[in-house]
Amino acid sequence: MAVPARRVAGGILGILCFFYLVDGPAQARWLSAAEKALLLARLDRERAAAEHAAGGRSVLRQLGHRTVVLMSIAYFGLISVAQHQRHLDAA
């Protein structure tokens with residue numbers, strides 16, 4: 001079986017990106033020192049804003065929040081009814 005060219009191209013591009021891209025602006029060789037400082041400061045501000053918006057709680061604690069649990073139950077119920085209706089329509 002032949003492998004489509006787009007899969008080969010995607011694989012090659014993925015491997016190139018793995019070796020070319022770095023972990024953050026501090027390691028980027030193509031940025032000047034001023035650009036690195038600007039990006040690092042901006043990332044720190046965004047990270048602090050995100051922590052403030054989350055109330056200093058971890059992702060796992062956020063998943064256990066009452067609103068998240070209730071919305072998950074509502075979504076599960078909606079999807080279950082839709083799947084059941086689709087099953088009935090197919091029969």
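Quick note: the coordinates plus some simple rules give every number you see, no bench work behind them. The model shown is predicted, which means the values in this text are computed figures rather than measured ones. For neighbour counting, all protein chains shown are included, and Cβ atoms are generated from backbone atoms with ideal geometry for every residue, glycine included.
Only one item in (1) 77, 27, 19; (2) 63, 53, 16; (3) 40, 33, 24 matches Cα extents along the principal axes in Å derived from the coordinates shown, and that item is (2). In this calculation the C-beta distance from W30 to T67 is compared with R0 = 30 Å, giving a FRET efficiency of 0.10. Name all residues of the range 8-26 having a backbone nitrogen under 16 Å from the label point set 7 Å from the Cα of L39 along its Cα→Cβ direction, giving them as ranges. Those under the cut-off are 17-26.
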